[in-house]
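See below for the structure under consideration.
The values are calculated or read from the model by the stated rules, or taken from the named source; none is laboratory data. In this text the structure is predicted, and so the values were computed from the model without any measurement. Counting neighbours? That spans all protein chains shown, and the Cβs are built from the backbone with ideal geometry, glycine included.
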Amino acid sequence: MVGQGKNYQRKIGGFMKIAVIGAGYVGLVTGTCFAEMGNSVVCIDIDKEKVKKMEKGSMPIYEPGLEDIFQRNIKEGRLSFSHDINDVKKSGVVFLALPTPPGENGSADLSYVLAVAEQLGSILNNYAVIVDKSTVPVGTAKLVSSYVGKNSKKKFDVVSNPEFLREGQAVEDFLRPERIVLGTSSPRAEKIMRKLYEPFVKRDPGKIIVTDEASAEMIKYAANGFLATKIGYINQIANLCEKVGADINSVRMGIGSDSRIGSQFLYAGPGYGGSCFPKDTQALAHIASNSGYDFTIIKSVIEANNRQKEVITHKVLDYFHNNIKGRNFALWGLAFKDNTDDVRESPAITIAKSILKNGGSVAAFDPQANETAKKQFSKKDKIKFSDNMYSVLEDVDALVIATNWREFSEPNFKKMRSAMRGDVIFDGRNLYSLDTVAKEKFNYVSIGRRALLNA
């Protein structure tokens, strides 16, 4: 075990005592996975009701694989919860997993992070490593250090340790990481953080990348900005394919087989969503602007993605000759992607609201996101939610597919036809081959491919 003199007493069974402040998506996955490796972890959140539910074993989010280790580590006494920030006193490593929502100008709002940092200074009674796990702008580690230092009489170090978790695969990503980035200039903090992450990279310690704090902060934004650019690029190629008669699936396979490009994030769709890409691309553009640099690529990606979210609605309006008043639409999918209940910045929500705005009604189904999506609509909106993917099709004029859930990929087409009043599918995820849909005699409109119209 790492030891830094007689004051470094906060350890258990050879492992560390950890506090995670913020029990949201990142914080809960982080805390649970560290507990799974034998550490003693307390997750701290200001939401008392949320804390009470977690103490009773109720998961506040949906993430495949998380429930099992969440329950196991509560039972084993390694994972606990609190709404009192003073409970960080027992911890040698304190993770800040707090929200950094975008402001009106796109900048990341650091008010939650800095407010907690200021509180920590008067709470620490021994040396601790304070870890920025939230996605934060370059220079935040220095800011956090200054805010903690206002009230602290104890030594501490601030480390930038950005997360690279994919919603729907977050547990796998945490337990078997492709890389771990540690931004620190402190040998003492580096040693502790290496020890903490050692169990995750035993077969390949080289996955731990140590750099300065500013570079670590930039790495997260650069990574998400690049992936968002790939999505924006393939979506624009898909739109061009429709104009020239090419097929985006063939184009995707052709360029994705190039090892310099790779096949990931090359699936055409209704645009990216979620909590990371929209927020991080805006923040990256803001960082560049503040630095006097015109980051034209990332600004174009943001603009293109905003337009892409309206592509399906335009296809719907074109098909119905710009008049959907009184028409009923089924919507398969509300989450921004499969295997999550996250509807933040979801293209599905944009599509639903656009249909409603143009006079249509919506019946929606999502395997996990019905409840989270309900908060996105007003009581006046003509939208209802179903708990079955086929019952939602009853008497609708069209089906819109907005999320790539696995159960949508191989449906019972005959059951669909018998339930629907109309016979058109608008597929925002290109789930079906053209041959399959042609055999089932549906009208079919997808992205980056020719439309199949029986009329």
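Counting only residues that are among the aliphatic types (A, V, I, L, M) and within 21 Å of TYR25 (Cα to Cα), how many does the stretch 105-145 have? The total comes to 10.
Of all residues being aromatic (Phe, Trp, Tyr) and farther than 22 Å from GLY333 by Cα in the stretch 266-295, which is nearest to the chain's Cα centre (by Cα)? Just the residue, please. For the stretch 266-295, the residue satisfying everything is PHE295.
Considering the conditions (1) within 23 Å of THR30 (Cα to Cα); (2) modelled with pLDDT under 95, VAL148 is excluded by exactly one of them, (2). Within the stretch 232-254, does at least one residue satisfy the condition of being touching a Leu at 6+ places or on another chain (Cβ under 9 Å), β-branched (Val, Ile, Thr) and under 30 Å from LYS142 (Cα atoms)? There is no residue in the stretch 232-254 that is touching a Leu at 6+ places or on another chain (Cβ under 9 Å), β-branched (Val, Ile, Thr) and under 30 Å from LYS142 (Cα atoms). Reported count of residues in the stretch 19-55, each being closer than 10 Å to PHE81 by Cβ and either among the charged types (D, E, K, R) or without any contact (Cβ under 8 Å) to a residue 24 or more places away in the chain (or both), is 5. Of all residues in the stretch 379-412, those satisfying the criterion of being surrounded by fewer than 21 Cβ atoms within 10 Å (Cβ to Cβ), assigned to a loop (DSSP other than H, G, I, E, B) and in contact (Cβ under 8 Å) with a residue 60 or more places away in the chain are ASP395, ASP397, ASN404. Of all the residues in the stretch 161-212, those that are more than 19 Å from MET16 (Cα to Cα) and in contact (Cβ under 8 Å) with a residue 60 or more places away in the chain number 8. GLU163 satisfies every condition listed in (1) surrounded by fewer than 21 Cβ atoms within 10 Å (Cβ to Cβ); (2) at pLDDT 95 or above except (1). Where helices (runs of 4 or more DSSP H) fall entirely within the stretch 1-101, those with at least 2 residues that are touching a helix residue (DSSP H, G or I) at 6+ places or on another chain (Cβ under 6 Å) and at pLDDT 95 or above are at 25-36, 66-75. Here SER250 clears all of (1) within 23 Å of ALA170 (Cα to Cα); (2) assigned to a helix (DSSP H, G or I); (3) among the small types (Gly, Ala, Ser) except the condition numbered (1).
For the stretch 94-144, taking the residues that are under 14 Å from GLY22 (Cα atoms) and of a type in the set (Val, Ile, Thr), the one that is surrounded by the fewest Cβ atoms within 10 Å (Cβ to Cβ) is identified as THR135.
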